[in-house]
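Note sheet for the following structure.
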Amino acid sequence: MGKRSIPDSWRVGVLFSDTGVTAAVERTQRHGTLLAIEEINAAGGIAGRKIEPVVLDPASTPRLYRDQAEHLLDVERVPVIFGCYMSSTRKAVLPVVEARKALLFYPTLYEGFEYSRSCIYTGACPNQNSVQLVNYLTAHYGKRLFIVGSNYVYPYESNRIIADLYLQSGGTVLHEMYVPLAVDEIDMDEVIAQIRRTQPDVIYSTVVGDGIARFYEAYRAAGFDPATMPIASQSTSEAEIAQMNPGIAEGHIGVSPYFAAIDTPANHRFVAAFRRRFGADAVIAAAAEAAYFQVHLYAAALARAESDRAQDLLPQLYEVEVDAPQGRIRIERDNNHTHLWPKVGRVTAAGQFDLVYDPKTRVRPDPYMLEYRLDAPAADGLPVAGL
């Protein structure tokens with residue numbers, strides 16, 4: 001019997017939008033993915049083979065994500081996909097990936113309350129951002145909350161969690177409303193009128209995509225003051241702020257495991273490499289950082305497994321840690337989510353985030369919110385290798 005031939009490369013799918021309502025942030029995810037692949041290949045690849053990306057543009061459209069995932073798995077024969085931003089797109093892709101026993105790496109914060117053996121979740125889940133955000137907001141601004149979001153699954157679920165946490169803290173939800181994903185269909189006058197009527201202490205926004213800039217610009221035009229009534233958001237990152245006129249987002253609040261302005265040697269190296277590759281003005285956000293480090297996680301597991309089949313990769317993914325720009329990270333065996341380093345930031349005039357709360361604690365993912373404490377978000381209790 002002849003010796004089985006070995007492919008020349010490890011082929012992977014890259015499924016981030018270059019067009020559509022979430023293209024601004026998804027381009028940063030594609031950039032982070034490609035940068036990591038290029039770094040790994042420059043160092044010799046894995047087991048003597050380079051990683052070969054097959055890149056498609058699903059145009060921020062769930063149906064296209066599903067169709068292109070089928071193409072990647074059935075025609076291109078890739079066993080692993082790095083991709084998706086909105087939860088609606090992840091939910092479109094997951095059944096395709098699960099049916100073929102492939103693997104999706106998903107680098108975006110999301111609403112939690114999900115597990116798939118076929119998905120590695122590298123963005124924050126609610127106990128890694130919502131808990132920290134509510135603790136900070138109720139301590140520094142007040143407990144009267146106004147909620148506004150885009151009309152799809154992530155905003156509904158994230159808003160439900162934030163509302164519940166506010167109620168647990170003794171707060172009140174004054175009003176909740178939703179706007180279309182399509183920017184030209186959003187009636188911002190109605191949103192501003194409701195904010196003016198209710199006069200909340202904090203506005204929690206899960207508006208996504210191009211609607212974010214429009215909302216912040218309408219807020220500024222209305223004359224509201226972020227010092228006394230900020231917009232707080234998990235979905236507003238440096239990528240969306242870059243779409244706004246200078247200073248529009250200044251003073252507003254964000255929460256994330258990663259901000260581009262983190263002052264650590266590991267992050268300085270990442271930012272420098274990113275901007276060398278994609279330009280001095282390239283925007284870097286949490287979604288880009290997660291897209292970057294998840295490729296390095298994949299590579300570390302691949303080096304141990306020497307196989308890119310999900311059944312071989314998964315056991316090794318649970319055994320490795322990598323040095324991400326935010327800190328040392330790992331995958332939780334029980335739920336396929338990532339141990340992350342949450343922090344709260346305030347937007348500066350330059351469109352970056354100054355840290356206003358950084359416990360310097362790695363938090364174990366609890367996507368079903370079973371073990372969290374609102375008064376004391378817990379560390380993961382594990383030693384952080386290399387620190």
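Derivation of every value follows stated rules applied to the coordinates shown; laboratory data play no part. Keep in mind the model is a prediction, meaning the values are calculated, not measured. All Cβ positions, glycine included, derive from the backbone under ideal geometry; neighbour counts span all protein chains shown.
Tabulated values for the structure
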{"quantity": "Rg/Rg_ref, the chain, where Rg_ref = 2.2 N^0.38 Å and atoms are Cα", "calculated": "0.96"}
{"quantity": "Label point distance in nm, Leu370-Gln168, each placed 7 Å from Cα along Cα→Cβ", "calculated": "1.5 nm"}
{"quantity": "Among Gly251, Gly83, Gly123, residue whose mean-square fluctuation peaks in a GNM of the chain (springs only between Cα atoms under 10 Å)", "calculated": "Gly251"}
{"quantity": "Shape call, the range 250-387: gyration tensor on alpha carbons, a/c limit 1.5", "calculated": "oblate"}
{"quantity": "Dipole of the chain, positive end: most advanced residue of Val55, Leu382, Pro7 [Cβ charges, Cα centre]", "calculated": "Pro7"}
{"quantity": "Magnitude of the charge dipole, the chain, Cβ model with Lys/Arg +1 and Asp/Glu -1, debye to 20", "calculated": "860 debye"}
{"quantity": "Overall form of the range 50-110 per C-alpha gyration tensor (a/c, 1.5; a/b vs b/c)", "calculated": "rounded"}
{"quantity": "Antiparallel DSSP beta bridges within the chain, as percent of all bridges there, nearest 5", "calculated": "30 percent"}
{"quantity": "Charged-residue dipole, Cβ positions (Lys, Arg, Asp, Glu), the range 257-387 about Cα centre, Debye nearest 20", "calculated": "340 debye"}
{"quantity": "Candidates Tyr292, Tyr106, Tyr136: whichever shows maximal mean-square fluctuation once the chain is modelled as a Gaussian network with Cα springs under 10 Å", "calculated": "Tyr136"}
{"quantity": "Sparse-neighbourhood loop sites, trypsin sites (Lys or Arg not before Pro) in the range 1-72 - DSSP loop, at most 13 other Cβ within 10 angstrom", "calculated": "Lys3, Arg4"}
{"quantity": "Inter-label distance for Arg309 and Asp187, nm, one decimal - labels placed 7 Å from Cα along Cα-to-Cβ", "calculated": "5.7 nm"}
{"quantity": "Extension gain (nm, one decimal) between Ala350 and Tyr156, 0.36 nm per residue minus Cα-Cα", "calculated": "66.8 nm"}
{"quantity": "Dipole of the chain, positive direction: furthest Cα of Leu167, His296, Val344, with charges on the beta-carbon", "calculated": "His296"}
{"quantity": "Chain lengthening between Arg63 and Lys101 when straightened (0.36 nm per residue, less Cα-Cα)", "calculated": "11.7 nm"}
{"quantity": "Paramagnetic reach from Ala222 (point 7 Å along Cα→Cβ, amide N under 11 Å) across the range 171-209", "calculated": "188-200, 203-204"}
{"quantity": "Difference of contour (0.36 nm per residue) and Cα-Cα distance, Lys91 to Ala379", "calculated": "100.7 nm"}
{"quantity": "Label-zone membership for the range 342-359, site Asp263, 7 angstrom Cα→C-beta point, backbone N under 18 Å", "calculated": "343-359"}
{"quantity": "About the Cα centre, charge dipole magnitude for the range 164-285 (Lys/Arg +1, Asp/Glu -1 at Cβ), debye", "calculated": "560 debye"}
{"quantity": "Gyration tensor (alpha-carbon) shape descriptor, the range 121-234, a/c threshold 1.5", "calculated": "oblate"}
{"quantity": "Span-rule helices in the chain, defined as complete DSSP H runs reaching 27 Å or more along the axis (Cα) with Kyte mean at least 0.0", "calculated": "286-305"}
{"quantity": "Pairs of lysine residues in the chain - Cα separation under 28 Å, sequence separation of 8 or more or cross-chain", "calculated": "8"}
{"quantity": "Listed residues Gln128, Gln199, Gln168, most fluctuating in the chain (Gaussian network, C-alpha, under 10 Å)", "calculated": "Gln168"}
